[in-house]
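Participant: Attaching a single structure in C-alpha cells format; questions to follow.
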Amino acid sequence: MAQNPIPADQSSWSVYSKLGHETNRYLWGLLQRLAAEAKPAKAGDQVQPTPAAKLGQYFGACMAEDAVESRGITPLRPNWQAIDAWKYKEQIAPLVAELQLIGGFDGPFFSFGASQDFADAERVIAGADAGGLGLPDRDYYLNTDESSKSMLQAYKQHIVKSLQIAGLQPKRAAQAATDVVVIETALAKASLTQVERRDFHNLDHKFDLNGLQGLTPEFSWPKYFKALNLAAPAVINVSEPEFYKAFSQQIRVRSLAEIKSYLYWHLVRAQSPYLNQVLVDEHFSFYGKKLQGAQELAPRWQRCVELVNGQLGEALGQEFVRRNFAPELKEQTLRITSQIEKAMREDIQSLSWMSAETKKQALAKLATVANKVGYPDRWRDYSNYSVDPVDFFGNVKRGNIFEVQRRFAKIGRPIDRGEWAMTPQTVNAYYDPQLNDINFPAAVLQPPLFDAKMDAAPNYGNTGGTIGHELTHGFDDSGRQFDERGNLRDWWTDADSKEFSQRTQCLVDQYGKYVLIDDIKINSRLTLGEDVADLGGMILAYAAWQAELGENKPEARDGFTGEQRFFIGFAQWACENVRPEARRVRALTDQHSPGKYRINGVAVNLPEFAKAFSCKANQAMAKEQPCRVW
Ligand SMILES: [Zn+2]
C-alpha cells in the first residue's frame with residue numbers, strides 16, 4: 001500500500017484500477033494511430049466510415065481541446081432555449097424525452113428503456129426505473145448527520161456556480177439550487193433503498209399503458225413516446241411505482257419556474273464534461289474532488305479513452321482483442337471454469353442442509369450457466385452512429401442517442417443471450433442473473449491477475465477465485481431468486497430457504513462489525529450478495545485447485561508453501577488504497593465490502609487458510625465457528 005500511493009487524479013488505486021489504467025494507456029496509443037490514419041489524405045477527401053475510422057475520428061475530435069474551448073457553452077443553447085420557451089406543464093413530456101435522449105439515460109426525473117421480463121426471460125419489454133437525482137444515492141438527501149448535511153450544502157453551491165456559468169443571474173441561480181434540492185429530496189423520499197433494490201421482487205411490477213398513465217396523471221406518456229419516436233409499448237415494468245407517483249406529484253405541485261430550475265440543472269450536469277474548461281473544472285470540483293476526494297482532473301487523453309470505451313466500446317474492443325487475446329487464454333480459462341463448476345456440482349450434492357428437491361433445481365441451474373470468456377461472438381454494429389471528425393459535443397450527443405435507441409429497439413423482441421454488459425477491454429467480471437451467464441472480459445485475464453507463465457497456485461487463488469465468485473452469484477441471496485432460464489421464480493422449498501437465510505445471517509453479522517471509516521460500519525445487508533460470492537468463490541477455487549493438483553504436491557517458492565501461495569494469489573487481487581471521501585460514497589452505494597475484508601473476511605472462514613499459515617485456534621485469522629453458505 002505504501003508503494004502504491006493514489007495518483008492525484010484518482011479517488012482510489014488498486015490492482016484492478018492499475019491494470020485498467022495500463023490498458024487505457026495501451027488503448028491511447030492505439031487510438032492515436034487510428035486518429036492519424038483517419039485523417040483525409042488531402043483536404044476534401046472523404047474517409048470511409050469504417051469502425052476503425054470512426055474510432056480515430058471520435059478520439060481526434062475529443063482531443064482537439066482548442067476547438068472544444070472555442071465553442072464555449074454554445075452547444076448547450078438549443079436545449080437551454082427549449083427549457084426557456086416551455087410554457088405549459090402538459091407539454092413537459094417532449095422536453096423530458098429530449099433531455100433524457102441526449103443525456104443517454106442520465107437525464108431528469110426517471111430512466112426509461114428496455115428491460116428483460118422478470119417473468120419471461122426470453123423476452124424484452126419496456127422498463128421504467130427511478131432516477132433523476134444528482135447525488136449518488138437517496139440517503140444524501142435524507143440523512144441528517146453533519147457530513148451528509150455539509151455534502152448537500154456543497155452540492156447546492158456547485159449547482160449555483162454551474163448555472164451561473166451557463167448564464168443564469170446569481171439570484172436566479174441560487175433560487176434554482178434550492179428548487180433542485182426540494183424536488184430531488186421529494187424524489188429521494190419516494191425511491192427504494194439500495195438494500196430494497198437487491199430483492200428483485202420489489203422491482204417487479206408490470207403495467208399496461210393505462211396503468212402507467214394512472215400512476216402519473218400529470219405526465220403524458222403518449223406525448224413522451226411520440227417525442228422519442230417510439231411505438232407505445234403494450235407492457236411496461238415499472239420498477240418503483242411509488243416513485244412514479246411522487247414524480248407526477250412534483251409536476252403538479254411545483255411551479256413552472258421551479259421545474260425549469262431542475263431541468264436547467266440536469267441539462268448542465270449531464271453535459272458539463274463535454275463542454276469548455278470552466279464547466280469541466282466546475283463539474284470535477286464537486287463530483288471528482290468534493291465527493292470522491294480526487295485532487296486533480298484526469299488528463300484529457302484518459303477522459304477521451306474512457307469516452308471511446310463508453311460510446312464505441314465494442315469497436316475498440318474488437319481492435320483490442322485482435323491484438324491482445326490469444327485463443328489459448330480462452331481455452332485455459334474455460335478449463336478452470338469447468339473445474340470450478342465441477343467443484344460446485346460436488347459441493348451442492350454434498351450439502352447436508354439442502355433437500356434433494358432443491359438440490360435438483362440448483363444443479364439444473366448450474367448446468368445451464370453460460371460461460372462467456374474474452375469477447376462477444378457477434379460484435380455490436382455501429383453503422384447507425386455517425387461520427388464527425390470536428391464535432392466532439394455532437395459526437396457525444398449522437399453516441400448517447402444511438403445507445404438509447406439501440407436499447408429501445410430491443411423492446412418486444414426475444415432476448416439476445418450473446419450480448420455483453422462489459423467491453424472486452426474492461427478489467428472486471430460479472431454474473432447476470434437474468435441471462436444466467438458468467439462473463440470474463442479479455443482484459444481481466446492479464447497479469448498480475450492471471451499469469452499464464454505462473455503455476456496453478458496463484459492463478460487458482462486469484463482468477464479461480466474470481467470465476468468461483470461470479471458463479472456463486474447465481475446462488476447468492478439475490479441470484480437465487482432466479483431459475484436456470486433467468487426467470488424470477490422461487491425454486492426453493494420453504495425449509496431450504498430458511499436454512500439458507502440462517503447461513504447468510506452468519507455473514508451479515510460478521511461483516512456488519514467491520515468499520516469502513518470513522519464510526520460507519522459496513523451495511524452488510526447491502527454487501528451480502530458479494531460477501532456470499534467472495535466466500536463461495538474461494539471455497540470452489542480451493543477445491544478446483546486441489547483437483548488440478550491431483551497427486552502432485554504444490555510448488556513451494558520464494559519461501560512460501562504451495563498452500564500459502566494459493567492464498568497470497570487470492571489476497572493480491574484486492575490490494576487497494578481508497579481516499580476517505582470515496583470510502584464514504586462507497587459506504588452508501590457499493591455492494592462490495594472494502595478490499596481488506598473481501599480478503600480477511602473470507603480467510604477467517606477457511607480452515608484451509610488457518611492450516612496453511614499455522615494459525616492457532618481463536619487467533620485473529622481463525623474463527624472458532626466459521627461461516628459457510630455454499
Ligand atoms: Zn460480485
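The values are calculated or read from the model by the stated rules, or taken from the named source; none is laboratory data. Only a predicted model underlies this, so the values are computations on that prediction, with no experimental measurement involved. As a convention, Cβ positions derive from the backbone with ideal geometry for all residues, glycine included, and neighbour counts pool all protein chains shown. The protein model used for the area step is the full one, side chains on, heavy atoms only, and it has no ligands, DNA or RNA in it. Shrake-Rupley method; radii C 1.70, N 1.55, O 1.52, S 1.80 Å.
Participant: Out of all the residues in region 62-89, which are among the small types (Gly, Ala, Ser) and touching a residue at least 40 places away in the same chain (Cβ under 8 Å)?
Facilitator: ALA64, ALA67, GLY72
Participant: Looking only at region 478-501, count every residue that is within 16 Å of the ligand (Cβ to nearest atom) and closer than 25 Å to GLY595 by Cα and tell me the total.
Facilitator: Here the count works out to 3.
Participant: In addition: Output the helices (runs of 4 or more DSSP H) that fall wholly within region 428-511 and possess 2 or more residues being of a type in the set (Asp, Glu), or say none.
Facilitator: The helices (runs of 4 or more DSSP H) meeting that bar are 494-511.
Participant: Further question on the same structure: Across region 352-393, which residue is most open to solvent (accessible area, probe 1.4 Å) among those that are free of Cβ contacts under 8 Å to residues at least 12 places away in the same chain and over 30 Å from ALA52 (Cα atoms)?
Facilitator: So, considering only residues that are free of Cβ contacts under 8 Å to residues at least 12 places away in the same chain and over 30 Å from ALA52 (Cα atoms), the one most open to solvent (accessible area, probe 1.4 Å) is LYS360.
Participant: May I ask you to say which residue of GLY537, GLY550 is of a type outside the set (A, V, I, L, M, F, W, C), open to solvent by less than 70 Å² (accessible area, probe 1.4 Å) and free of Cβ contacts under 8 Å to residues at least 60 places away in the same chain?
Facilitator: After ruling out the rest, the residue left standing is GLY550.
Participant: Separate question: Could you give me the residue pairs with C-beta distances under 8 Å whose first residue belongs to region 416-432 and is within 11 Å of the ligand (Cβ to nearest atom), whose second residue is open to solvent by 40 Å² or more (accessible area, probe 1.4 Å) and not in a loop (DSSP other than H, G, I, E, B) wherever it lies, and which are 6+ apart or on separate chains?
Facilitator: Short answer, once both residue conditions are applied: ASN428/TYR16.
Participant: Restricting to region 416-431, name every residue that is open to solvent by 40 Å² or more (accessible area, probe 1.4 Å) and more than 14 Å from VAL373 (Cβ to Cβ).
Facilitator: Those that are open to solvent by 40 Å² or more (accessible area, probe 1.4 Å) and more than 14 Å from VAL373 (Cβ to Cβ): ASP416, ARG417, GLU419, ALA421.
Participant: Mind listing whichever residues of region 502-516 are surrounded by 15 or more Cβ atoms within 10 Å (Cβ to Cβ), closer than 13 Å to SER593 by Cβ and of a type in the set (A, V, I, L, M, F, W, C)?
Facilitator: Listed by number, the residues that qualify are LEU507, VAL508, LEU516.
Participant: Another question about this same structure. Inside region 247-275, can you point out the residues that are open to solvent by 20 Å² or more (accessible area, probe 1.4 Å) and of a type outside the set (Asp, Glu)?
Facilitator: Across region 247-275, the qualifying residues are GLN249, ARG252, VAL253, ARG254, SER255, LEU256, ALA257, LYS260, ARG269, PRO273, TYR274.
For every residue, the table says whether it meets (1) open to solvent by 30 Å² or more (accessible area, probe 1.4 Å); (2) in contact with a strand residue (DSSP E or B) (Cβ under 9 Å, 6 or more places away or on another chain); (3) at pLDDT 95 or above.
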site	(1), (2), (3)
ARG25	yes, no, yes
TRP28	yes, no, yes
LEU34	no, no, yes
VAL47	yes, no, no
TRP80	no, no, yes
GLU98	yes, no, yes
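Participant: Please state which of the following conditions THR527 fails to meet, knowing it meets all the rest: (1) hydroxyl-bearing (Ser, Thr, Tyr); (2) out of contact with any Ser or Thr (no Cβ under 7 Å at 6 or more places or on another chain); (3) crowded, with 19+ Cβ neighbours inside 10 Å.
Facilitator: (2)
Participant: Additional query: In region 589-619, what residues are on the phi > 0 side of the Ramachandran plot and either modelled with pLDDT of 95 or more or part of a helix (DSSP H, G or I) (or both)?
Facilitator: Once the filter is applied, which keeps residues that are on the phi > 0 side of the Ramachandran plot and either modelled with pLDDT of 95 or more or part of a helix (DSSP H, G or I) (or both), region 589-619 yields only SER614.
Participant: For residues in region 295-317 being of a type in the set (A, V, I, L, M) and not in a helix (DSSP H, G or I), which is surrounded by the most Cβ atoms within 10 Å (Cβ to Cβ)?
Facilitator: Checked region 295-317; the qualifying residue surrounded by the most Cβ atoms within 10 Å (Cβ to Cβ) is LEU312.
Participant: Kindly indicate which of THR493, THR466 is among the polar types (S, T, N, Q), touching a residue at least 60 places away in the same chain (Cβ under 8 Å) and either at positive phi or surrounded by 20 or more Cβ atoms within 10 Å (Cβ to Cβ) (or both).
Facilitator: Among THR493, THR466, only THR466 is among the polar types (S, T, N, Q), touching a residue at least 60 places away in the same chain (Cβ under 8 Å) and either at positive phi or surrounded by 20 or more Cβ atoms within 10 Å (Cβ to Cβ) (or both).
Participant: Another question, if that's okay. Using the structure shown, decide if GLY595 is in contact with a Cys (Cβ under 8 Å, 6 or more places away or on another chain) and within 16 Å of the ligand (Cβ to nearest atom).
Facilitator: So GLY595 passes the test.
Participant: When residues of region 386-418 are filtered for being farther than 30 Å from VAL68 by Cα and in a loop (DSSP other than H, G, I, E, B), how many remain?
Facilitator: Result for region 386-418: 9.
Here is a yes/no grid of residues against (1) within 16 Å of the ligand (Cβ to nearest atom); (2) of a type in the set (Gly, Ala, Ser); (3) more than 17 Å from ALA541 (Cβ to Cβ):
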{"site": "ILE438", "(1), (2), (3)": "yes, no, no"}
{"site": "PRO441", "(1), (2), (3)": "yes, no, yes"}
{"site": "GLY468", "(1), (2), (3)": "yes, yes, no"}
{"site": "THR472", "(1), (2), (3)": "yes, no, no"}
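Participant: A follow-up question, please. Being within 25 Å of the chain's Cα centre (by Cα), at pLDDT 95 or above and in a helix (DSSP H, G or I) narrows it down to one of ALA128, ALA176, ALA121, ALA188, so name that one.
Facilitator: ALA188
Participant: Here is a follow-up. Of everything in region 565-588, what is surrounded by fewer than 19 Cβ atoms within 10 Å (Cβ to Cβ) and in a strand (DSSP E or B)? Give them in sequence order.
Facilitator: ASN577
Participant: Examine region 80-93 for a residue that is aromatic (Phe, Trp, Tyr), within 30 Å of ALA166 (Cα to Cα) and assigned to a loop (DSSP other than H, G, I, E, B), and state whether such a residue exists.
Facilitator: yes
Participant: Any idea which of (1) within 23 Å of the chain's Cα centre (by Cα); (2) touching a residue at least 24 places away in the same chain (Cβ under 8 Å) is the one LEU30 doesn't satisfy?
Facilitator: Every condition holds for LEU30 apart from (1).
Participant: Continuing with this model, one more query. I'm trying to understand the selection: among the residues of region 9-20, which are touching a residue at least 24 places away in the same chain (Cβ under 8 Å), out of contact with any His (no Cβ under 9 Å at 6 or more places or on another chain) and open to solvent by 40 Å² or more (accessible area, probe 1.4 Å)?
Facilitator: Once the filter is applied, which keeps residues that are touching a residue at least 24 places away in the same chain (Cβ under 8 Å), out of contact with any His (no Cβ under 9 Å at 6 or more places or on another chain) and open to solvent by 40 Å² or more (accessible area, probe 1.4 Å), region 9-20 yields only TYR16.
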